Amino acid sequence: MIATLRLQNEGILTIPSLIRQKYAMQEGDVFTFIDMGDGSFFLATRISAVPKLVAEMEAMRQEADVSMAELLEGVAEERRQLFAEKYADDW
């Protein structure tokens, strides 16, 4: 897709709606601007992976039919085991 943008007052660029929809861009999204040094540039969205990972983890928890309390109990036990394995020689 090729689009023409116009630089507006105070450096504002409007990204065409078809591009915003295609990449699910919303007001407040953060972008990385990379100057290629030859008059061209690269603009990339900076989408946080955290919400996606949280949603995936929640789906896995529900699929396994594990309560949040059980999950947290398991985390504490896993942490204890990893600590014991890592520092077993130091004791």
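The values are calculated or read from the model by the stated rules, or taken from the named source; none is laboratory data. Computed from a prediction, not measured in an experiment: that's the story for all the values here. Cβ placement follows ideal geometry from the backbone for every residue including glycine, while neighbour counts extend to all protein chains displayed.
Check Phe83, Phe41 and return the single one that is surrounded by 10 or more Cβ atoms within 10 Å (Cβ to Cβ) and in contact with a strand residue (DSSP E or B) (Cβ under 6 Å, 6 or more places away or on another chain).
Numbers: Phe83 fails: in contact with a strand residue (DSSP E or B) (Cβ under 6 Å, 6 or more places away or on another chain).
Step by step, each of Phe83, Phe41 is checked, and only Phe41 is surrounded by 10 or more Cβ atoms within 10 Å (Cβ to Cβ) and in contact with a strand residue (DSSP E or B) (Cβ under 6 Å, 6 or more places away or on another chain).
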TODO: Note down all Cβ pairs under 7 Å where the first residue falls in region 20-31 and is under 18 Å from Met1 (Cβ atoms) and among the hydroxyl-bearing types (Ser, Thr, Tyr), the second is surrounded by 10 or more Cβ atoms within 10 Å (Cβ to Cβ) and modelled with pLDDT under 90, and they're at least six residues apart or on different chains.
DONE: Tyr23/Thr45
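Among Met68, Met57, which is the only one that is closer than 28 Å to Met25 by Cβ and either free of Cβ contacts under 8 Å to residues at least 24 places away in the same chain or loosely packed, with under 10 Cβ neighbours inside 10 Å (or both)? Outline the logic, then answer.
Details: Met68 fails: closer than 28 Å to Met25 by Cβ.
Checking each option against the conditions leaves just Met57.
With the condition kept exactly as written, say whether any residue in region 45-56 is in contact with a helix residue (DSSP H, G or I) (Cβ under 8 Å, 6 or more places away or on another chain) and assigned to a loop (DSSP other than H, G, I, E, B).
To start, the set of residues in region 45-56 that are in contact with a helix residue (DSSP H, G or I) (Cβ under 8 Å, 6 or more places away or on another chain) comprises none.
Within region 45-56, none of the residues are in contact with a helix residue (DSSP H, G or I) (Cβ under 8 Å, 6 or more places away or on another chain) and assigned to a loop (DSSP other than H, G, I, E, B).
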